[in-house]
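First the structure, in the form of structure tokens, and then the observations on it.
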Amino acid sequence: MLSQKLQAALNDQINAELASAYLYLAMAAHFEASNLVGSGRWMRRQAREEVTHAMKIFDFVHGRDGRVTLAAVAQPPAQFGSSVEAWEQVLKHEKGVTDRIHQLYALAVAENDYPTQTMLHWFIDEQVEEEKTATTILEQARMIGPSNSALYFLDRHLGKEAEG
Ligand SMILES: [Fe+2]
Ligand SMILES: [Fe+2]
């Protein structure tokens, strides 16, 4: 059975994953309002993935005879600035999530909860991927600079990627 402390931390992480989904959905709205539909599609897919992350922990808590309690989800910003600025926020956000996952893992170690540690291995690996992907896209957006025609092609590329 989960300790109360770990159960509370896992519930917090469910909330953080849902807040991530909400943030990416806000970014989808931001991009789509600027006709960057490919980037919008990428963000929609990301939002769906974040919901699956929340559900992984949701199922895990119940599998350990714990209790999921849902809190209010933070309101995301409505504006994210330029394409580069938006991708900077994605990378910063994912780095923050990585820190959270690492803290959660440290707590699972302190509480001698081995199943939670095993479950979190997936999230640790996932965050490596998330940061790698966000860094690549951010660097590509930086390469483009103020060129609208290059931005158009990056947007198309991201849209295709989100289809697959
Ligand atoms: Fe996530
Ligand atoms: Fe993420």
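The values are calculated or read from the model by the stated rules, or taken from the named source; none is laboratory data. This structure is a prediction, so every number in the text was calculated from the model and none was measured. Neighbour counts run over all protein chains shown; Cβ positions are idealised from the backbone, glycine included.
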Discussion item. For the condition surrounded by 20 or more Cβ atoms within 10 Å (Cβ to Cβ), in contact (Cβ under 8 Å) with a residue 24 or more places away in the chain and closer than 18 Å to Trp87 by Cβ, what is the one hit in Leu23, Leu6, Leu2?
Written reply: Leu23
Item to complete: Check Gln13 against each of (1) touching a residue at least 24 places away in the same chain (Cβ under 8 Å); (2) within 13 Å of ligand 1 (Cβ to nearest atom); (3) surrounded by fewer than 16 Cβ atoms within 10 Å (Cβ to Cβ) and name the one condition it does not meet.
Response: (3)
Worksheet item: If you check Thr69 against the conditions, is it within 16 Å of ligand 2 (Cβ to nearest atom) and polar (S, T, N, Q)?
Response: no
Discussion item. Is it the case, given these coordinates, that Arg48 is away from ligand 1 (no atom under 15 Å from the Cβ), surrounded by fewer than 16 Cβ atoms within 10 Å (Cβ to Cβ) and touching a residue at least 12 places away in the same chain (Cβ under 8 Å)?
Written reply: no
Worksheet item: Listed residues Val37, Val68; which is in contact (Cβ under 8 Å) with a residue 12 or more places away in the chain, closer than 26 Å to Ala106 by Cβ and more than 16 Å from ligand 1 (Cβ to nearest atom)?
Response: Val68
Item to complete: Look at Gln117 and say whether it is at pLDDT 95 or above, more than 13 Å from ligand 2 (Cβ to nearest atom), under 18 Å from the mean Cα position of the chain (by Cα) and not acidic (Asp, Glu).
Response: no
Item to complete: Output the residues belonging to the range 34-79 that are within 20 Å of Phe153 (Cβ to Cβ) and of a type in the set (Gly, Ala, Ser).
Response: Ser34, Gly38, Ser39, Gly40
Item to complete: Could you please give the count of residues in the range 68-87 that are β-branched (Val, Ile, Thr) and touching a Phe, Trp or Tyr at 6+ places or on another chain (Cβ under 8 Å)?
Response: 2
